[in-house]
Structures are given as structure tokens and as C-alpha cells.
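A.B. asks: Questions regarding the structure given below will be posed in turn.
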Amino acid sequence: MARFIEAGLFDRHIRRMRGIYRQRRDLLVGTLAAYAPMLRVTGIAAGGHALARLPPGGPGEDEVIAGAARCGLALEGLAGFRFGHGAAEQAKHQPALVIGYGSPAGRSYRAAVAALGDYLRSVYP
């Protein structure tokens, strides 16, 4: 690893991945805006993932995640990342999906984002 860093390969890798992740993030944000504009996307500046805030009055995190799983999509809810998992504690927070854009690899990412868009359009017509 030290030689990898000393040779400048780590910096080159970071620059390359930054561009790839920017493209993936832009594709994800654009798809969510087109297919599910009622979701508010936040957290993209943190890198590697986005939060898609679910609108009030619609299906909750668990319902959206379960439906996505039936479509072959793996999503996570923000609730799983919070302390205090009690119902009262969770009720204080707006539900959101945590959507990573570091995987899947290559062309599969476009297909996965398109499938996510189609699924979310069916949930939020």
C-alpha cells in the first residue's frame, strides 16, 4: 500500500473514482427527479450515497424497502442508522431511503437506477 501511495497511484485512483461517482450521483439524482419528484434528495455532498426523503402521508420506509426487495432492489432505510429505535423516537424523524451509488459495477448501475426509477414511479404515481 505504501508503494501504491508513494508512486502516486492512489491519487490517480481517487481522481478517477471521483469522476465516476459524480456521474453515478448525477444519474441517480436525475432519475429520482424524473421518476419520483416528490422525494427530496439530500446528503449527496457527503459522497457515496444520497438520502431520498419520503413524503409525508405515503408509504413508510419499511413498506418501500419491502416492495423494492420484491423487485430485486436492495434499499436501506435511514431508520436503521439512527440511535433510539423505539417507535416514539422513529416517529420524530422523516423517513428516508439511503441509496448508495458506489455499486453495482459498470453498466449494471444504469440498469439498477432505471429499475429503481420504475419502482418508485409505481409507488408514487
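A.B. asks: Under a plain spin-label model, where a point goes 7 Å from the Cα along Cα-to-Cβ, how far apart in nm are residue 20 and residue 124?
C.D. replies: 2.9 nm
A.B. asks: Continuing with this model, one more query. Might you tell me the accessible area per residue for the chain, computed with a 1.4 Å probe and given in Å²?
C.D. replies: 63 Å²
A.B. asks: Then there is this: Where the accessible area of the chain is counted over protein heavy atoms with a 1.4 Å probe, how much of it, in %, is carbon and sulfur?
C.D. replies: Carbon with sulfur: 58 percent of the solvent-accessible area.
A.B. asks: Could you give the length gained on full extension between residue 42 and residue 3, defined as 0.36 nm per residue of separation minus the Cα-Cα distance, in nm?
C.D. replies: 10.3 nm
A.B. asks: Solvent-accessible area of residue 20, probe 1.4 Å, all protein chains present, reported in Å² to the nearest ten, please.
C.D. replies: 50 Å²
The values are calculated or read from the model by the stated rules, or taken from the named source; none is laboratory data. Values in this document were obtained by computation on a predicted structure and should not be read as measured data. Ideal geometry is used to build each Cβ from the backbone, glycine not excepted, and the neighbour counts take in all protein chains shown. In case anyone asks, the SASA skips ligands and DNA or RNA and just uses the protein heavy atoms, side chains included. Shrake-Rupley method; radii C 1.70, N 1.55, O 1.52, S 1.80 Å.
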